[in-house]
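Comments concern the structure below.
A short reminder: the numbers here are calculations on the coordinates, not readings from a lab. Treat the numbers as computed from the prediction; the structure is a model and nothing was measured. Cβ placement follows ideal geometry from the backbone for every residue including glycine, while neighbour counts extend to all protein chains displayed.
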Amino acid sequence: GWTMQRADRPIGIFDSGVGGLTVFRAVQKKLPGENLIYYGDTAHLPYGSKSAEAVKKFSLKIGKFLEREGIKLLVVACNTASSVVIPLLRRTLAVPVLGVIEPGAWVASRATRAGRIGVIGTEATIASGAYLKALRSYPGRFRILSVPCPLFVPLVEEGFWNGNVTREIARKYLAPIKKWRADTLILGCTHYPFLREVISKTMGPGVVLVDSGEATALRVSQILTQRGWTKRDGRGRYRFYASDASERFKRLARRLLGVTVDRVVIKRFD
Ligand code: DGL
C-alpha cells in the first residue's frame, strides 16, 4: 500500500560540504536499512561565514531538488543551515524537515546537571541564537554561553585533529566556556566531533559533550517509527551529489570518515 511505498523512499541529507557525512554516518549506523541521498553544497562552502539570506537561498534549492528526488524526510545536517532555514523549509516543502539544532539542544537539556550549557559553532550559527532559542523551548532553567570557533572547520579538513596547534587554538576558543564552568558543551557544527578528544581534554573531566549528529540520527529513527515509514528489509543504498569538486569530496569523505564514495554526481542549480 501507500505506506510501504513511502517507507522505501530515501531519506535526504544535506550539508554545505563533506562535514554532514558525520550525520550521514550516524543515520546509517542507526538505520542500516534506509536508502540515503546526500547532497554536499561544495560550490558554496563554507556556509558558516555567509549571510543568513545566502544560506537560505542555497538550502531552499537543495531542499526542493531532494523533494523532487522522492525523499520521505529531509535532514538538514549542517548546523549553520539548520540555524536559519528550518521554518522556511517546513513552510515550503511537503516532506517533514529535521535540523540538527533541536535534537542537539534537547539532548543537552537532559544531560546538564547545573544548567550551564556551552555552545560552540560557526559564526553564523552562534550569531543566529538558534541553540539558545531551542534550549529555551525545553523544560528546565538553563544558562547558556556561546562561542564561535571558525578555525575548527579548516583544521579538521586539513587533518589537524590533534597536536599542538589544534590544542592551542582549542584552549583559546574554549577558555571562556571553561572559566564559566559549563557542565555540558554542544558540539554545534558538523566538523567538531572530529575534535572530540582535544575538546574533551581541554574542557576537563565531567563536562558532557553533545554530538548533534548522533542526537539527530536518534530523532530520525523516532520520526520514521511514529509515522510507520521505517523501511522493512534489505540493506540501504546510497547516492551522493555535490555542487562542485567531486574529487575533493571523495578524498575528504575517505580521509574523514573512511567512507568510500564511488560516484559523486555534480548537480548545480544556477
Ligand atoms: N556544515 C557547517 C556547520 O555545521 C560547517 C562548515 C561550513 O561553514 O559550511 O555549521
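Highest-first packing order for the peptide set 190-197, 230-237, 98-105 is 98-105, 190-197, 230-237, based on the mean count of other beta carbon atoms within 10 Å. Legend: ranking of residues Asp41, Asp262 from fewest to most surrounding C-beta atoms inside 10 Å; resulting order Asp262, Asp41. Measuring against 19 Å, Cα to Cα, the residue pairs Lys64/Lys250; Lys30/Lys61; Lys179/Lys201 contain Lys64/Lys250; Lys30/Lys61 as the ones spanning a longer distance. Volume per residue for segment 100-217 equals 88 cubic angstrom (convex hull of Cα atoms). Using alpha carbon centroids, what distance separates segment 109-126 and segment 174-242, in Å? If we compute the Cα centre of each part, the gap is 12 Å. When the inverse distances between all different Cα atoms of segment 139-270 are averaged and flipped, the Kirkwood radius reads 17.7 angstrom. The length gained by stretching the chain between Val165 and Arg254 to full extension, at 0.36 nm per residue less their Cα-Cα distance, is 29.7 nm. In this simple spin-label model, placing a label point 7 Å from the Cα along the Cα-to-Cβ direction at both Lys178 and Asp270 gives a separation of 4.1 nm.
Ellipsoid fit via the Cα gyration tensor, the chain: semi-axes of 29, 21, 17 Å, each the root of five times an eigenvalue, largest first. The length gained by stretching the chain between Asp8 and Glu158 to full extension, at 0.36 nm per residue less their Cα-Cα distance, is 50.3 nm. Note on Arg235 and Ala114: their simple-model spin labels are 4.8 nm apart, each label 7 Å out from Cα toward Cβ. Of the residues Val23, Ile37, Ala182, the one whose Cα sits farthest towards the positive end of the charge dipole of the chain is Ala182 (charges of +1 on Lys and Arg Cβ, -1 on Asp and Glu Cβ, taken about the Cα centre).
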